[in-house]
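The values are calculated or read from the model by the stated rules, or taken from the named source; none is laboratory data. These figures come from a predicted structure and were not determined experimentally. Note that each Cβ is placed from the backbone with ideal geometry, even for glycine, and that neighbours are counted across all protein chains shown. Just the protein is used for accessible areas: all its heavy atoms, side chains included, with ligands, DNA and RNA removed. Shrake-Rupley method; radii C 1.70, N 1.55, O 1.52, S 1.80 Å.
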Amino acid sequence: MRRFSILLMYMCTGYWTWAQQDSILLESVQIQSSRLEVFASADRTTRIDSNQLALNDGNSIAMLLTKFAPLNIRAYGIGGLSTASMRGTGSNQTAVLWEGINLQSQMNGSLDLNLVPAFMVDDVTIQSGGGASMFGSGAMGGTILLGNQTPAFNRGLNLSLHEQVGSFGLQNHGLKLGFSSKKLSLGIRGFYRKADNDFSFYNDFTQSEETQENANIEQYGLLTELAYRANDHQLIQIKHWYQNNNTYIPKTASAGLPSQAVQQDAFHRGLIKWQQSFYNKLQLDYKLGLLDHILEYDDKINTHSHNHAQSVINEAQLRYDATQNIALELGVNHTYENSTADNYTDKVTRNRTAIFLSTHFLLWNKLDLNLLGRQSVIDGNAAPFLPTLGLNYHATNWLDIKAKAAKSYRIPTFNDLYWSGSSMGNPDLVPEEGVSLEAGYVLTTDQRFWRITYEGTAFYNNIQDWILWTPTGSVWSPENKEELWSYGIEQSLKLTAQFNDNQHVSLNANYQYVLSTLKQPTTFIPEIQTTYTPTHQGNLYVSYEWKKANIGINNTYIGKQYSDESNVEIRALDPYLLTDINCGYRFVLNRKHQLATSLQVKNIFDIDYEVRRAYYMPGINYQFNLVYKFN
Amino acid sequence: MKTNTIFNTLIRVSFIAVTVFFAACSSDDGIKFTPGQDGFFIVNEGGFGNGNASLSFYDKTSASVTNNLFESTTGKPLGDQAQSMTVYNDFGYIVVQNSAKIEVISTDDYSLVATISEGLPSPRYFLGINASKGYVSDWGADGSTGTIKVIDLTTNTVTKTISTGSGTNQLVLVGNHVFAANSGGWSNDNSVVVIDADTDEIIETITVGDNPSTLVVDEDNDVWTTGTGQTVYNTDWSVNTEESTPAFLAKIDHEDFEVTLKIDAPSVGMGPAGLKVDSNGSTLVFKYDGSIFSTDTETVSSTDDFTKIIETDFIYGLSIDASENHIILGISPDYTNPGSIKRYDITGSFIDEHTVGIGPNGIAY
């Protein structure tokens, strides 16, 4: 497998070769990387392939996940708000973490994945199902874990230049710079990205061909990472991520007047991480996260609002690997958050403290057992206790059988609680509480020239006290009034085959069957499906490499989606199948200089489709990537 | 991160709910049309921004409702925020505010006759003047530059713009005088203007009270209006009771344009709103304090003369079916699920209920 990975990485753009070579870790200081493996052994986890991440490093995580991940992205058009929906839940029930820090806004409960360029992260892992024992509030349908690479030392100087141009005025310029000595490692990356998104589409509402206007985006950002390795047992890291985003918000296709609205998001994300190991059995991982997000929205007519959110997160985890078969992790988290908004009476604040314990036992060399629990106190009030039980039975060397039961919750957002004006928040809201159950299998075969992993999971989620905004007279307020049931089946297949030293094929496929409803189901297929939740959804990526050339094809299928809560057929979104192809070639100039080029043709069959009612998407379009790498 | 957008939507929807409450049906001007004998259209406003406005038709013979009539007949979605529909000379003028257009359909076979989309940034209500002329009130792109657009009904184009005030809303025709209520739109106004329909000139601006939005004509041809008043918030979003003004009911003499009666609600935000008049032109029906009230045009002098006739949840649209003198309520539990219409006789006795589209705000026939 390793041979394949290396090959894969060489076939692809840029710096992935570094990532691999640099993964010579401090052996005793690698807590986070294995946290899921050890304490979530029954969970279905999906790691986005590094070559797919590299191939899409001029795109956002939203686009990447649509094409490769087992989840649903709900998007307001090409540059608009894009959030993840996992297992029939919503964005508020899907936690997004960067380096272990939750990035979901305390104001609205979501993170816009269009504001996360793939260029700024090195690892994207999706954990499906309730994960609140480990990740806290919001991890109900699943969790998206974003991370940067483990720091490397003794690598000297390296850099890479990433250039991308594409249809509809897309340009992306990125530079990564790395320098490391024996004790110090510095990585800086910055990007500038711009797109006009002025594609044309057939507008059903006006029955005419139109050009998308006011949909341009402009983003730039800088990520600085500094690591200091005092000795083999101690690693200190400081990271700072700044990004500024101007997102112009087009009118919906059903609206008559052109939009001039623009939203500016400017954020700082700071992180200090201290990792220390003792006696090779005990490891301490402490982090301090500082988040600052300013959002300004201006419709240039009568609304100009200003929001500011800040968080201070302190988390410490102490892990004890007692034996090969027993591991324990005790953690404590304190999160302070505050926000100001035009529609809050005052600055609002919240203090949350959580204590959590994760355990792993390997029994009879056959059964992984995880018991986890988390207890939080929110502004002095105890939140529901969140236990998890996970089992992974290694039946044979090719079959694993897994089962998991977990409780989860998500606390109300500041908007839910404190919004004031002609709509009113509800300070009496309680957290949404969920139960998730799942069972599945993993079939693996690992031969000399090929490897297959086939995983299937059946899941069931029930979330109570679901928060919904409804009007009472003319005043809108949220209430804990609904209940969500979601259940279904997920299948995934990964296959790699190497024919000879020069040729190699890989395949990655996901399929999800999701039933989700806010009305108690009386039949297996519920009467009413949650809006924007396709029952059938899947993606398939196949790539073929031959020496330094590669070619790939990606298919994404999104089934019918209802836009109305009552499932009115006439206003349902048609299902669509999108096909993208890519090809690339890597020029090795010499040992120090490499040039990788790739071309992507997206929506090659020029399919007309809407991602949301009245939000059309582009037809066939092109992107050209060039990565120059020096090391 | 659409906090703002989403909340703006909420606010707009509630704003619309508060200020406008109900679409006019065309009972005021349906002189040439046999009023609603076969049935009536129901305008379903839809959720703001969701593009799911729709048209329903209630058929009296079968006592059943056909939903999504416009889209299934024309193959075209109706659009975003259908504000009102007026039937005039066998044509139905469906005003779709956020789509900035009027869809004109034939009332015989519901086929699409024309789409008026030029020069109507934010249209609200249509009023037929004569065979070749119609008026449309419009809030303007900024939501406050109120105008009346003059439509040539033979070509279905906007030919003239009359500047009227802020948030020009409902229109009624008395003789050759058009009364137009300036509801403020996104800002505030306090006037009803009178326009000479022959010359398209404003001949009078009547100050009635804050944000008049609805208009009806009684049996004596006098004009009644309700205004929403004005709600002013303190910086902490509590209501500033000193600067706020309550909603009101007022009567305007159609000859000398004097305000001859004005009844203020005892507190801010309770109505009256959504004013309608029965087929005799002698009983006013309106929303007040979360319920439906009526009062007599001859005797009313204070809120003590308001009589509660219907109490039910989620009232949105209020209309009168003049052919049978029935009250038709649009019931909207939220703006994402289908609503219904409830029919009552004029005394408030319940007749029946039918499921319609999202946010039913009025009827037309």
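Sort out which residues of segment A:362-410 are among the hydrophobic types (A, V, I, L, M, F, W, C), in a strand (DSSP E or B) and out of contact with any Gly (no Cβ under 9 Å at 6 or more places or on another chain), and write them in order of number.
A:LEU362, A:LEU363, A:LEU367, A:VAL377, A:ILE378, A:ALA382, A:LEU389, A:LEU391, A:LEU399
For segment B:55-83, which positions are assigned to a strand (DSSP E or B) and at the interface with chain A (Cβ under 9 Å from one of its Cβ atoms)?
none
For A:GLU479, which of the numbered conditions (1) among the charged types (D, E, K, R); (2) within 14 Å of chain B (Cβ to nearest Cβ); (3) open to solvent by less than 60 Å² (accessible area, probe 1.4 Å) fails to hold?
Going through the list (1) among the charged types (D, E, K, R); (2) within 14 Å of chain B (Cβ to nearest Cβ); (3) open to solvent by less than 60 Å² (accessible area, probe 1.4 Å), A:GLU479 breaks only (3).
Just checking, which of B:ILE129, B:ILE94, B:ILE102 is in a strand (DSSP E or B), over 19 Å from B:HIS326 (Cβ atoms) and within 11 Å of another protein chain (Cβ to nearest Cβ)?
Criteria check complete, one pass: B:ILE102.
Please enumerate the residues belonging to segment A:224-234 that are assigned to a strand (DSSP E or B) and touching a Ser or Thr at 6+ places or on another chain (Cβ under 9 Å).
Matches in segment A:224-234: A:GLU225, A:LEU226, A:ALA227, A:TYR228, A:ARG229, A:GLN234.
Might you check whether a residue that is of a type in the set (Lys, Arg) and in contact with a strand residue (DSSP E or B) (Cβ under 6 Å, 6 or more places away or on another chain) occurs anywhere in segment A:289-308?
There is no residue in segment A:289-308 that is of a type in the set (Lys, Arg) and in contact with a strand residue (DSSP E or B) (Cβ under 6 Å, 6 or more places away or on another chain).
Being at the interface with chain A (Cβ under 9 Å from one of its Cβ atoms), at pLDDT below 50 and surrounded by 19 or more Cβ atoms within 10 Å (Cβ to Cβ) is the requirement here; does B:ILE11 meet it?
For B:ILE11, the condition - at the interface with chain A (Cβ under 9 Å from one of its Cβ atoms), at pLDDT below 50 and surrounded by 19 or more Cβ atoms within 10 Å (Cβ to Cβ) - is met.
Regarding A:ALA54, is this residue at pLDDT 90 or above and either among the small types (Gly, Ala, Ser) or surrounded by fewer than 21 Cβ atoms within 10 Å (Cβ to Cβ) (or both)?
Spelling it out, it is not the case that A:ALA54 is at pLDDT 90 or above and either among the small types (Gly, Ala, Ser) or surrounded by fewer than 21 Cβ atoms within 10 Å (Cβ to Cβ) (or both).
Could you please find all residues in segment A:73-96 being in contact (Cβ under 8 Å) with a residue 40 or more places away in the chain and of a type in the set (S, T, N, Q)?
Within segment A:73-96, A:SER85, A:THR89, A:ASN92, A:GLN93, A:THR94 qualify.
For segment A:97-110, check the following and say yes or no: at least one residue is more than 23 Å from A:ASN338 (Cα to Cα), in a loop (DSSP other than H, G, I, E, B) and touching a residue at least 12 places away in the same chain (Cβ under 8 Å).
no
Please specify each residue of segment A:411-432 satisfying the condition of being hydroxyl-bearing (Ser, Thr, Tyr) and either over 26 Å from the mean Cα position of the chain (by Cα) or not in a loop (DSSP other than H, G, I, E, B) (or both).
Residues satisfying the conditions are A:TYR418, A:SER420, A:SER422, A:SER423.
Hey, among A:LEU578, A:LEU589, A:LEU595, which residue is open to solvent by 10 Å² or more (accessible area, probe 1.4 Å), modelled with pLDDT of 95 or more and of a type outside the set (Lys, Arg)?
Of the residues listed, the single one that is open to solvent by 10 Å² or more (accessible area, probe 1.4 Å), modelled with pLDDT of 95 or more and of a type outside the set (Lys, Arg) is A:LEU578.
Matching residues to (1) open to solvent by 10 Å² or more (accessible area, probe 1.4 Å); (2) hydrophobic (A, V, I, L, M, F, W, C); (3) out of contact with any helix residue (DSSP H, G or I) (no Cβ under 9 Å at 6 or more places or on another chain); (4) farther than 25 Å from A:ILE467 by Cα:
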{"site": "A:GLU99", "(1), (2), (3), (4)": "yes, no, no, yes"}
{"site": "A:GLN106", "(1), (2), (3), (4)": "yes, no, no, no"}
{"site": "A:LEU113", "(1), (2), (3), (4)": "no, yes, no, no"}
{"site": "A:PHE119", "(1), (2), (3), (4)": "no, yes, yes, yes"}
{"site": "A:ASP122", "(1), (2), (3), (4)": "no, no, no, yes"}
{"site": "A:GLN127", "(1), (2), (3), (4)": "no, no, no, no"}
{"site": "A:GLY138", "(1), (2), (3), (4)": "no, no, no, no"}
{"site": "A:LEU159", "(1), (2), (3), (4)": "yes, yes, yes, yes"}
{"site": "A:GLN171", "(1), (2), (3), (4)": "yes, no, yes, yes"}
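Hey, A:LYS176 hits all of (1) more than 30 Å from A:PRO618 (Cα to Cα); (2) open to solvent by 40 Å² or more (accessible area, probe 1.4 Å); (3) assigned to a strand (DSSP E or B); (4) not β-branched (Val, Ile, Thr) but one; which does it fall short on?
In the conditions (1) more than 30 Å from A:PRO618 (Cα to Cα); (2) open to solvent by 40 Å² or more (accessible area, probe 1.4 Å); (3) assigned to a strand (DSSP E or B); (4) not β-branched (Val, Ile, Thr), A:LYS176 misses (2) alone.
Tell me, please, whether a residue that is closer than 25 Å to A:SER376 by Cα and in contact with a His (Cβ under 7 Å, 6 or more places away or on another chain) can be found in segment A:304-312.
The answer is yes, given that some residue of segment A:304-312 is closer than 25 Å to A:SER376 by Cα and in contact with a His (Cβ under 7 Å, 6 or more places away or on another chain).
In segment A:488-534, what count of residues is obtained for those that are within 20 Å of A:ASN555 (Cβ to Cβ) and outside any strand (DSSP E or B)?
1
Out of the residues in segment B:313-340 meeting the condition of being over 20 Å from B:TYR288 (Cβ atoms) and part of a strand (DSSP E or B), tell me which one is farthest from the other protein chains (Cβ to nearest Cβ).
Step by step, filter segment B:313-340, then rank; the result is B:ASP321.
Could we say that A:LYS481 is among the basic types (Lys, Arg), in a strand (DSSP E or B), closer than 25 Å to A:MET86 by Cβ and more than 21 Å from the chain's Cα centre (by Cα) here?
Judged against the criteria, A:LYS481 is a match.
Could you please give the count of residues in segment A:255-308 that are on the phi > 0 side of the Ramachandran plot and either crowded, with 20+ Cβ neighbours inside 10 Å or away from every other protein chain (no Cβ under 14 Å) (or both)?
Matching residues across segment A:255-308 total 2.
When the residues of segment B:85-122 are narrowed to those that are touching a Lys or Arg at 6+ places or on another chain (Cβ under 7 Å) and open to solvent by less than 20 Å² (accessible area, probe 1.4 Å), which ends up farthest from B:TYR316 (Cα to Cα)?
B:ILE116
Given (1) open to solvent by 50 Å² or more (accessible area, probe 1.4 Å); (2) within 14 Å of chain B (Cβ to nearest Cβ); (3) touching a strand residue (DSSP E or B) at 6+ places or on another chain (Cβ under 9 Å), where does A:LEU389 come up short, assuming only one miss?
Answer for A:LEU389: the failing condition is (2).
Show the residue pairs meeting these rules: Cβ distance below 8 Å; 6+ apart or different chains; first residue within segment A:31-43 and at negative phi; second residue modelled with pLDDT of 75 or more and assigned to a helix (DSSP H, G or I).
A:ARG35/A:MET134; A:PHE39/A:MET134; A:ALA40/A:MET134; A:ASP43/A:LEU36
Just the residues that are more than 12 Å from every other protein chain (Cβ to nearest Cβ) and either farther than 27 Å from A:TYR286 by Cα or not β-branched (Val, Ile, Thr) (or both), please, taken from segment A:93-121.
Those that are more than 12 Å from every other protein chain (Cβ to nearest Cβ) and either farther than 27 Å from A:TYR286 by Cα or not β-branched (Val, Ile, Thr) (or both): A:GLN93, A:ALA95, A:LEU97, A:TRP98, A:GLU99, A:GLY100, A:ASN102, A:PRO117, A:ALA118, A:PHE119, A:MET120.
Would segment A:327-334 turn up any residue that is away from chain B (no Cβ under 14 Å) and in contact with a Gly (Cβ under 8 Å, 6 or more places away or on another chain)?
Checking segment A:327-334: at least one residue is away from chain B (no Cβ under 14 Å) and in contact with a Gly (Cβ under 8 Å, 6 or more places away or on another chain).
Taking segment B:295-333, which residues are under 24 Å from B:GLY359 (Cβ atoms), among the polar types (S, T, N, Q) and surrounded by fewer than 16 Cβ atoms within 10 Å (Cβ to Cβ)?
B:THR312 - this is the single residue of segment B:295-333 that is under 24 Å from B:GLY359 (Cβ atoms), among the polar types (S, T, N, Q) and surrounded by fewer than 16 Cβ atoms within 10 Å (Cβ to Cβ).
Taking segment A:481-509, which residues are of a type in the set (Phe, Trp, Tyr) and at pLDDT 90 or above?
A:TRP485, A:TYR487
Applying the selection to segment B:248-274, what residues are open to solvent by 50 Å² or more (accessible area, probe 1.4 Å) and over 18 Å from B:SER183 (Cβ atoms)?
Residues satisfying the conditions are B:GLU255, B:ASP256, B:GLU258, B:THR260, B:PRO266, B:SER267.
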